[in-house]
Every structure is written in structure tokens, then in C-alpha cells.
Amino acid sequence: MSPSGSGPEDRYTAAPFVPAGAGLDGLRRAAADCRGCPLHRDATRTVFGAGSADARVMLVGEQPGDQEDREGRPFVGPAGRLLDRALAEAGLDPADAYVTNAVKHFKFTRAEPRKRRIHKAPSLRETTACWPWLAAELALVRPELIVVLGATAGKALLGSSFRVGEVRGTVLEREIHGRSEPLVPTVHPSSVLRARDEDREAAYQGLVADLRIAAHILG
Ligand code: URA
């Protein structure tokens with residue numbers, strides 16, 4: 001970022017790539033060619049959301065991980081498996097959810113060339129650049145409830161002051177496309193995987209408890 005905050009990053013946006021009037025399949029095809037920020041350069045592919053346009057609940061994560069980048073679907077790696085287990089335990093069928101990410105490309109570093117790719121959190125600019133895709137998904141799916149998985153999704157949906165620890169497990173509202181949308185924030189499933197061995201079960205049960213709030217709202 002330039003000191004004045006007016007560097008080329010300020011012009012990052014997916015907006016020109018989002019086709020007007022497209023359905024989910026049309027959006028997915030267009031997103032494959034998104035060049036709205038530099039993350040497309042190193043990622044293998046765009047990982048667009050998955051699920052039905054009729055889904056009652058939308059789950060929003062951060063960005064695809066290594067496995068998602070290879071397979072082209074969100075939450076198919078270790079975090080996704082843990083999320084599916086937690087959803088089922090909370091009484092939500094993962095197959096009924098529309099699952100997506102705030103950022104549609106995998107951002108990573110490598111300690112050394114040809115070594116393992118290490119996840120790197122997207123910047124607020126990259127997240128903001130990618131917002132038009134998430135906004136378009138929300139406009140088409142119009143979910144009854146949005147489950148916000150972690151800080152990046154929270155900042156994308158609720159603003160940069162979002163702090164997951166302060167609001168997790170509560171029901172928030174945000175106006176999106178002229179409708180007041182209920183959102184339930186919780187931790188990102190990766191944070192459960194990263195917890196120390198002795199803390200992991202409590203972290204997992206915390207995620208399940210937050211997801212039960214979402215299940216309760218959906219009735
Ligand atoms: N983490 C995410 O936030 N999204 C994915 O799709 C996978 C891991």
C-alpha cells in the first residue's frame with residue numbers, strides 16, 4: 001500500500017468481471033476468469049461457492065485452502081471435514097447449505113521454492129476486491145441465515161471492526177441488497193484444528209454450540 005493509501009491496490013475490484021443478470025452457473029463461469037486482484041496469478045483456479053440457489057443457510061469462510069485450490073470446491077479439506085461434522089452435530093445438514101468464501105483465490109507463501117504452500121491471510125483490500133462475488137451470491141441465494149466463519153468473513157460482511165470473539169454465537173443483522181439479513185458469527189473451523197491438543201475439544205464444542213444457535217433460528 002502506498003503511504004497515501006492510493007496505490008494500485010485501491011483499484012483492486014472484481015466488479016467489472018461480475019456479469020449482470022447471471023445465475024449461479026454463469027457467475028461461476030465468469031469468476032473463473034476474474035483478474036480483480038493479483039491473487040489469481042499464483043492460485044491454480046478460482047474456487048467459487050457450491051450448493052443450491054434454494055439453500056436456506058449460507059456459510060461464508062475465508063478463502064480456499066491448498067486442497068480446495070486443487071479440487072476447485074470450497075471446504076473439501078481438513079477444515080471442511082471438521083465443519084461438516086460440527087454442522088451435523090448441531091443439527092444442520094451440510095448438504096443443505098450453500099458454502100462459499102469471502103475470497104475466491106488461495107493466497108499462500110512458500111518457505112522455499114517447490115516446498116509446501118503455506119496459507120496466508122488475505123488483506124482487507126483483497127477481501128474488499130472480492131466482495132462483488134459474495135454480494136452476487138447473496139443476491140441469488142437470498143439465504144434465511146448467514147453463518148460467518150471467522151474474522152475475514154466477518155470483516156467482509158460486517159466491516160473492519162468485526163471481532164469474532166466479541167460476537168460469536170449471537171444473532172447480528174446487516175442490510176444487504178435492501179433486506180435485513182440475520183447472521184450468526186462463529187470461529188473458523190481451522191482455528192479448532194490449530195488449537196492446542198488440550199484445548200481442541202473445547203474449541204470444537206464452542207463451534208458446535210454456535211452452530212446450534214444457527215440451527216435453532218432455521219427451526
Ligand atoms: N478455509 C476456508 O475458509 N475456506 C475453504 O474453502 C477451506 C478452508
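The values are calculated or read from the model by the stated rules, or taken from the named source; none is laboratory data. All values reported here derive from a predicted model rather than from experimental measurement. Glycine gets a Cβ as well: all are built from the backbone with ideal geometry, and neighbour counts include every protein chain shown. Areas reflect the complete protein model, heavy atoms only, side chains present, ligands, DNA and RNA absent. Shrake-Rupley method; radii C 1.70, N 1.55, O 1.52, S 1.80 Å.
How big is the Kirkwood radius of region 1-114, worked out from every pair of different alpha carbons and given in Å to one decimal?
Numbers: mean 1/r = 0.0640 Å⁻¹.
Taking every pair of different Cα atoms in region 1-114, averaging 1/r and inverting gives 15.6 Å.
How big is the gap, in Å, between the Cα center of region 113-142 and the Cα center of region 62-78?
Using only Cα atoms to place each centre, the spacing works out to 12 Å.
Where a Cα-Cα gap under 13 Å defines reach, which aspartates and glutamates qualify for residue 120, not counting those fewer than 8 residues away within the same chain?
Correct list for residue 120: 42, 62, 66.
Sorted from largest down, give the three principal axis spans of the alpha carbons of region 143-216, whole angstrom values.
Taking the Cα atoms of region 143-216, the three principal extents are 44, 27, 17 Å.
Please identify every one of the trypsin sites (Lys or Arg not before Pro) in region 4-98 that sits in a loop by DSSP and has no more than 12 other beta carbons within 10 Å of its own beta carbon. Could the numbers behind the result be given before it?
Working: sites: 11, 28, 29, 35, 41, 45, 56, 70, 81, 85; in loops: 35, 45, 56.
Listed in order of number, the matching sites are 35.
For region 8-218, compute Rh as the Kirkwood radius over C-alpha pairs and then the Stokes-Einstein diffusion coefficient at 4 °C and 1.567 mPa s; write the answer in µm²/s, rounded to an integer. Display every interim value, and only then the final one.
On the way: Rh = 17.2 Å.
Stokes-Einstein gives a translational diffusion coefficient of 75 µm²/s.
Around residue 122, what is the net charge, scoring Lys/Arg as +1 and Asp/Glu as -1 over all other residues with Cβ under 11 Å from its Cβ? Write out the running numbers ahead of the final one.
Numbers: positive: 104, 107, 120, 125, 155; negative: 62, 126.
Once all neighbours under 11 Å are counted, the net charge is +3.
For region 13-62, what relative contact order do you get, as a whole percent, if you take Cα pairs closer than 8 Å and at least 6 residues apart?
Numbers: 32 pairs, mean separation 16.0, N = 50.
RCO, region 13-62: 32 percent.
For n ≥ 4 DSSP H runs only, could you compute -39500 (n - 2.57) per run for the chain, divide by its residues and tell me the 222 nm figure to the nearest 500?
Counting only the DSSP helices, I get -11500 deg cm²/dmol.
Per residue, how much accessible surface does the chain expose to a 1.4 Å probe? Answer in Å², no decimals. List each step's numbers first, then the result.
On the way: 10830 Å² over 219 residues.
Ligands and nucleic acids excluded, the figure is 49 Å² per residue.
Leaving ligands, DNA and RNA out of it, report the carbon-plus-sulfur percent of the accessible area of region 8-218 at a 1.4 Å probe. Don't jump to the answer; show the numbers that get you there.
Details: 5070 of 10210 Å².
Ligands and nucleic acids excluded, carbon and sulfur reach 50 percent.
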